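Please read the structure below before turning to the comments.
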Amino acid sequence: MPEGINWGLPVAVYLFIGGMAAAAYYIGVIADIAGKGRYRDIARLGSYSVFIPICIGLIMLFLDLGRPLRFWHLIFQAGPLHSGLVFKAGSAMSLGVWLLGAFVIICGVLYPLMWLAEEKTGRSLPLISGLAGKEKLRRSIGLLGIPLAVLVAAYTGVLLAATSVPVWADTPLLPALFMLSATSTGIAAIILLMGLTGSNDHGIMTRLEKGDSLIIKIELTFVVLIFLILLFLPDTSGLVRNVMFGSYAVFFWLGVIVVGLLLPLSIQRYSLRMPSANTKGLAVMSAILVLCGGFFLRYVILLAV
């Protein structure tokens with residue numbers, strides 16, 4: 001990536017949505033397989049969280065490019081010396097485009113179709129409906145997509161670490177932070193969908209909240225470690241101070257730390273102490289805050305460079 005690259009708000013939206021959708025997918029697949037069918041709703045809702053969000057994210061990416069046709073140059077080039085499909089193993093952008101394409105096909109189309117065909121009982125998808133009843137095939141497709149989903153979830157950190165901007169290129173913990181953030185937002189997306197679809201399975205909601213609470217604690221630890229380390233490095237302290245105490249301080253402290261981490265953690269702690277009560281409203285509120293915090297994390301880190 002060239003030095004001095006400027007990312008806009010649409011790219012922050014795209015990377016946030018991509019990480020959220022990818023995490024919702026692998027959380028659903030793992031829950032379905034590990035729970036031996038007990039958490040089918042998580043897998044089904046997780047699979048439906050991919051295609052539309054990714055399409056919205058791609059629209060954001062096209063808008064940021066200014067010239068959308070440039071996007072296809074990462075996949076296909078025409079000309080006397082450069083023609084046909086293009087794959088640049090050393091390019092984070094090229095790898096990302098191919099990765100996203102495979103993710104959309106397997107995780108955003110094939111896997112959700114298996115669930116959709118099952119729900120529609122073959123009326124709209126007769127060819128696939130016969131296969132959809134075979135859980136082994138559905139789970140095999142789900143497992144096939146997990147590596148793609150994990151890579152998409154961590155891609156924000158990989159992309160930043162591949163740039164020539166020292167503050168992020170020298171931060172090996174960054175991909176792990178974005179992986180944690182994506183996982184938390186993926187859980188939040190499933191909880192939000194459960195709330196919107198009227199699901200009243202308190203047991204599943206509680207398990208999701210417990211998982212998200214643990215992820216948020218680890219994520220908060222990573223945020224503190226990364227920014228403390230960078231704050232005391234001479235080459236990066238200026239930019240980090242700008243994030244923590246300068247023009248982006250409100251977004252960092254209020255958006256990321258308070259809204260995205262501390263408030264959801266407090267709400268979840270209170271909610272989990274009331275196992276017999278109807279706490280779906282609190283779970284949905286916490287999920288919305290987590291999603292907002294996940295976006296602000298990417299917004300601050302992308303636009304502050």
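The values are calculated or read from the model by the stated rules, or taken from the named source; none is laboratory data. Computed from a predicted structure; not experimentally measured. Please note: Cβ atoms are built from the backbone with ideal geometry, for glycine as well, and neighbour counts cover all protein chains shown. Note: areas computed on protein heavy atoms with side chains; ligands, DNA, RNA excluded. Shrake-Rupley method; radii C 1.70, N 1.55, O 1.52, S 1.80 Å.
With both labels modelled 7 Å from their Cα along Cα-to-Cβ, the residue 273 to residue 224 distance reads 2.1 nm.
What percentage of the solvent-accessible surface of region 176-305, computed with a 1.4 Å probe over protein heavy atoms, is contributed by carbon and sulfur atoms?
Details: 3980 of 5720 Å².
Heavy-atom surface of region 176-305 belonging to carbon and sulfur, 1.4 Å probe: 70 percent.
Using alpha carbon coordinates only, what is the Rg to Rh ratio of region 172-305, with Rh defined as the Kirkwood radius? Mind dumping the intermediate values first?
Working: Rg = 15.8 Å, Rh = 15.3 Å.
Ratio of gyration radius to Kirkwood radius for region 172-305: 1.04.
Say R0 is 22 Å: what FRET efficiency, to the nearest 0.05, do residue 242 and residue 262 get from their beta-carbon distance?
Values: r = 22 Å, r/R0 = 1.00.
My answer for the efficiency is 0.50.
Might you tell me the accessible area per residue for region 180-305, computed with a 1.4 Å probe and given in Å²? Mind showing how you got there, number by number?
Details: 5640 Å² over 126 residues.
With the other protein chains kept in place, region 180-305 gives 45 Å² per residue.
Between residue 136 and residue 109, the simple spin-label model (points 7 angstrom out along Cα→Cβ) gives 2.7 nm. Computed from the Cβ-Cβ distance with R0 of 41 Å, the FRET efficiency linking residue 200 to residue 249 stands at 0.50.
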